[in-house]
Amino acid sequence: MYPIIALWAHPRSLSTVFERIMRERGDLNCLHEPFMYDYYVHRRVRIMPGFEIDLDHPAAYREIRDSIVALAQTGPVFFKDMSYYVLPYLPTDPDFASKITHSFLIRNPVSAIVSYYRLDSKITLEEIGIASQWTHFKALVDLFGTEPIVIEAESVQARPKQTLSHYWEQVKLDYVDHAFNWSQEDAPAAWQPVKGWHQGALASQGIRDADPDEAARKREAFAQCLVDAPHLADYLAHHMPAYEELKSRAQP
C-alpha cells in the first residue's frame, strides 16, 4: 500500500488552499473532505448550506475509510478533512489510523470564526472545529506515542515555500516548486459540490501575499459580528484553549 497523508483542519483555516498546493504537485491522489459525507449526509448532524451532494460518494465512515485504503493501493493519497467529522470513529480505529501520516492545520480562531459566520450565520459550536482537533490530536498521541505535525495557516500564507518545504520533508515528499502556482481554469472537480465555500481559492492562482493589517481587520470584523451574534464570544472562549495548545506545538 502507498502512503496516506491526512491534513486535519478546521473550517476557514486556509485548508483548501493547502489542498490546492498538494494537488498541484501532480504525484498524489487528492481527496477533498471525504468524511464530510458521514457527518452531513450519513449522520445528518446538520444541513450544510451550499452542499450539492454527490450521490455516488460513499457516505458512512467505514465506506469512506475503505475507499481511501483502496485508493492507496494505486498510488499515494492526500486528503484534508475536519477532525469533528471523524472523532466518533478514528480514535477507536487504530488499524486505519496507523496507516495515516497525520498532520494538523490551525488558524487564529478570530479569523476563522469571522470567515465562517459570513458564509453561514447558523454555524454551530462544534463546526468551529478547533476543540475537536485538540481532542483528536491527544487521541493520536495516546495511540502512537508521538505528536503529529502542526502547521499554522499564517505561516503558510507568510512563508509558503519554506513552510511547505518543511512539511514535505516531514511527510517524506520531494520539494516541487511548480505547486505554488496554478490556473483558475483548472479548478478541481472535487470542489464543485461545495464551490460556494471556496470562491477565494477558486479565483486565485496562488497564495496571496500576507497582509500585515489583516489580523487587526479580523479583530474589528469579529467585534462587529458580536453585535448580531454575541454567542460568538462564547464560541471563541471555548475553542481558544485548544488553539493555544496546538499553536504551542506548531512547526517553526
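The values are calculated or read from the model by the stated rules, or taken from the named source; none is laboratory data. These numbers come from a predicted model, not from an experiment. Glycine also receives a Cβ, built like all others from the backbone with ideal geometry; neighbour counts cover every protein chain displayed.
From the list His102, His166, exactly one residue is assigned to a helix (DSSP H, G or I) and either within 15 Å of Ile5 (Cβ to Cβ) or of a type outside the set (A, V, I, L, M) (or both). Which is it?
On the way: His102 fails: assigned to a helix (DSSP H, G or I).
After ruling out the rest, the residue left standing is His166.
Looking only at segment 1-24, which residues are over 18 Å from Gln157 (Cα atoms) and not small (Gly, Ala, Ser)?
Start the filter on segment 1-24 by keeping residues that are over 18 Å from Gln157 (Cα atoms), which leaves 1-6.
Scanning segment 1-24 gives Met1, Tyr2, Pro3, Ile4, Ile5.
Go over the candidates Phe79, Phe137 one by one and state the one that is modelled with pLDDT of 95 or more, buried (at least 20 other Cβ atoms within 10 Å of the Cβ), in a strand (DSSP E or B) and in contact with a strand residue (DSSP E or B) (Cβ under 8 Å, 6 or more places away or on another chain).
Numbers: Phe137 fails: in a strand (DSSP E or B).
Only one candidate qualifies: Phe79.
Does segment 72-123 hold any residues that are closer than 22 Å to Lys218 by Cα and under 12 Å from the mean Cα position of the chain (by Cα), and which are they?
Taking segment 72-123 as the starting set, the residues that turn out to be closer than 22 Å to Lys218 by Cα are 105-123.
Once the filter is applied, which keeps residues that are closer than 22 Å to Lys218 by Cα and under 12 Å from the mean Cα position of the chain (by Cα), segment 72-123 yields Leu105, Ile106, Arg107, Ala112.
Which of the residues that make up segment 85-125 are surrounded by fewer than 20 Cβ atoms within 10 Å (Cβ to Cβ) and of a type in the set (D, E, K, R)?
Those that are surrounded by fewer than 20 Cβ atoms within 10 Å (Cβ to Cβ) and of a type in the set (D, E, K, R): Asp93, Asp95, Lys99, Arg118, Asp120, Lys122.
Could you list all residues from segment 199-245 that are among the polar types (S, T, N, Q) and modelled with pLDDT of 80 or more? Quick ask: steps written out before the conclusion?
Looking only at segment 199-245, we keep the residues that are among the polar types (S, T, N, Q), and these are 199, 204-205, 224.
Passing the criteria: only Gln224.
Pairs, please: C-beta under 8 Å, at least 6 apart or cross-chain, first residue farther than 17 Å from Glu127 by Cα and in contact (Cβ under 8 Å) with a residue 12 or more places away in the chain and in segment 217-234, second surrounded by 13 or more Cβ atoms within 10 Å (Cβ to Cβ) and small (Gly, Ala, Ser)?
Pairs that qualify, where the first residue is farther than 17 Å from Glu127 by Cα and in contact (Cβ under 8 Å) with a residue 12 or more places away in the chain and the partner is surrounded by 13 or more Cβ atoms within 10 Å (Cβ to Cβ) and small (Gly, Ala, Ser), are Lys218/Ser111.
Just to verify a result, which residue in segment 1-39, among those that are surrounded by 19 or more Cβ atoms within 10 Å (Cβ to Cβ) and hydroxyl-bearing (Ser, Thr, Tyr), is nearest to the chain's Cα centre (by Cα)?
Here the answer is Ser15.
Please state which one of Asp27, Asp95, Asp38 is among the acidic types (Asp, Glu) and within 24 Å of Gly145 (Cα to Cα). Working first, answer last.
Numbers: Asp27 fails: within 24 Å of Gly145 (Cα to Cα); Asp38 fails: within 24 Å of Gly145 (Cα to Cα).
Checking each option against the conditions leaves just Asp95.
Can you tell me which residues in segment 7-27 are more than 14 Å from Asp174 (Cβ to Cβ) and of a type in the set (Asp, Glu)? Steps first, please.
Just the residues of segment 7-27 that are more than 14 Å from Asp174 (Cβ to Cβ), to begin with: 7-20, 23.
Scanning segment 7-27 gives a single hit, Glu19.
For the subset of segment 26-53 comprising residues that are among the charged types (D, E, K, R) and more than 16 Å from Leu71 (Cβ to Cβ), which member is modelled with the lowest pLDDT? Show your work before the answer.
At the first step, the residues of segment 26-53 found to be among the charged types (D, E, K, R) are 27, 33, 38, 43-44, 46, 52.
Right, trim to more than 16 Å from Leu71 (Cβ to Cβ) and you get 38, 43-44, 46, 52.
On the way: Asp38: 96, Arg43: 96, Arg44: 94, Arg46: 91, Glu52: 84.
Step by step, filter segment 26-53, then rank; the result is Glu52.
Just to be sure, is Tyr84 in contact with a Pro (Cβ under 9 Å, 6 or more places away or on another chain), of a type outside the set (D, E, K, R) and within 15 Å of Gln133 (Cβ to Cβ)? Break it down into steps so the answer makes sense when it comes.
Numbers: in contact with a Pro (Cβ under 9 Å, 6 or more places away or on another chain): no; of a type outside the set (D, E, K, R): yes; within 15 Å of Gln133 (Cβ to Cβ): yes.
Considered against the rule, which asks whether it is in contact with a Pro (Cβ under 9 Å, 6 or more places away or on another chain), of a type outside the set (D, E, K, R) and within 15 Å of Gln133 (Cβ to Cβ), Tyr84 comes out as no.
Out of segment 142-175, which residues are farther than 20 Å from Pro252 by Cα and surrounded by 14 or more Cβ atoms within 10 Å (Cβ to Cβ)? Outline the logic, then answer.
Filtering segment 142-175 for residues farther than 20 Å from Pro252 by Cα gives 142-145.
Leu143, the sole residue that qualifies.
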